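Peer 1: Structure in structure tokens, see below.
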Amino acid sequence: MIETRLCENKDWENLKKLWIKAFHDSDSFTDWFFDNRFAPDYSACTYEDGQLISAMQSWPVFLNIRNRIVASSIITGVNTEPAFEGRG
């Protein structure tokens, strides 16, 4: 079964492992990122049969567009478990 949903705090460890596998960032950066820039309400994850297979993290920001403040978000990372890449 495939489930796509907003992330929750309980996904933190799985998301971090997938991030490391996809981006090969240093431990110090990865720790900083997930301690300071993980916003579950602005991130989505896909699980298949209980395994995290894909994730998209974003961070809330405000944009000034034509002198109006607009709530938005910046995508900070998108990654997929290598065995699941290319499946559409």
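The values are calculated or read from the model by the stated rules, or taken from the named source; none is laboratory data. Computed from a prediction, not measured in an experiment: that's the story for all the values here. All Cβ positions, glycine included, derive from the backbone under ideal geometry; neighbour counts span all protein chains shown.
Peer 1: Hey, could you check the range 34-52 for residues that are touching a residue at least 40 places away in the same chain (Cβ under 8 Å) and buried (at least 18 other Cβ atoms within 10 Å of the Cβ) and say which is farthest from ALA83 (Cα to Cα)?
Peer 2: CYS45
Peer 1: Please enumerate the residues belonging to the range 35-56 that are among the hydroxyl-bearing types (Ser, Thr, Tyr) and not in a strand (DSSP E or B). So that I can check it myself, show each step before the final result.
Peer 2: Keep residues of the range 35-56 that are among the hydroxyl-bearing types (Ser, Thr, Tyr), which gives 42-43, 46-47, 54.
If the condition is that a residue be among the hydroxyl-bearing types (Ser, Thr, Tyr) and not in a strand (DSSP E or B), then TYR42, SER43 are the ones that fit.
Peer 1: Can you tell me which residue in the range 62-88 is farthest from GLU8 (Cα to Cα), limited to those that are assigned to a strand (DSSP E or B), more than 16 Å from the chain's Cα centre (by Cα) and of a type outside the set (D, E, K, R)? If you could, list the steps in order and put the result at the bottom.
Peer 2: First, the residues of the range 62-88 that are assigned to a strand (DSSP E or B): 62-65, 68-80.
Subset that is more than 16 Å from the chain's Cα centre (by Cα): 62-65, 68-71.
Next, only the ones that are of a type outside the set (D, E, K, R) stay: 62-65, 69-71.
Working: PHE62: 23, LEU63: 25, ASN64: 29, ILE65: 31, ILE69: 27, VAL70: 25, ALA71: 21 Å.
Per the stated criteria, the residue is ILE65.
Peer 1: Further question on the same structure: With the checklist (1) under 10 Å from the mean Cα position of the chain (by Cα); (2) at pLDDT below 95 in hand, flag the one item CYS45 doesn't pass.
Peer 2: Failing condition for CYS45: (2).
Peer 1: Still on this structure, I have one more. Give all pairs with beta carbons closer than 6 Å in which a residue from the range 1-27 that is without any contact (Cβ under 8 Å) to a residue 40 or more places away in the chain meets a residue that is of a type in the set (Ser, Thr, Tyr) and assigned to a helix (DSSP H, G or I); count only pairs at least 6 apart in sequence or on separate chains.
Peer 2: ILE20/THR30
Peer 1: Which residue out of TRP59, TRP12, TRP19, TRP32 is aromatic (Phe, Trp, Tyr) and assigned to a strand (DSSP E or B)?
Peer 2: Answer to the check: TRP59.
Peer 1: If you don't mind, another one. Kindly evaluate SER58 against the criterion of being surrounded by 10 or more Cβ atoms within 10 Å (Cβ to Cβ), over 21 Å from LEU18 (Cα atoms) and free of Cβ contacts under 8 Å to residues at least 40 places away in the same chain.
Peer 2: no
Peer 1: What are the residues in the range 4-33 that are surrounded by fewer than 14 Cβ atoms within 10 Å (Cβ to Cβ), closer than 16 Å to PHE84 by Cβ and either β-branched (Val, Ile, Thr) or under 11 Å from the mean Cα position of the chain (by Cα) (or both), if any?
Peer 2: THR4
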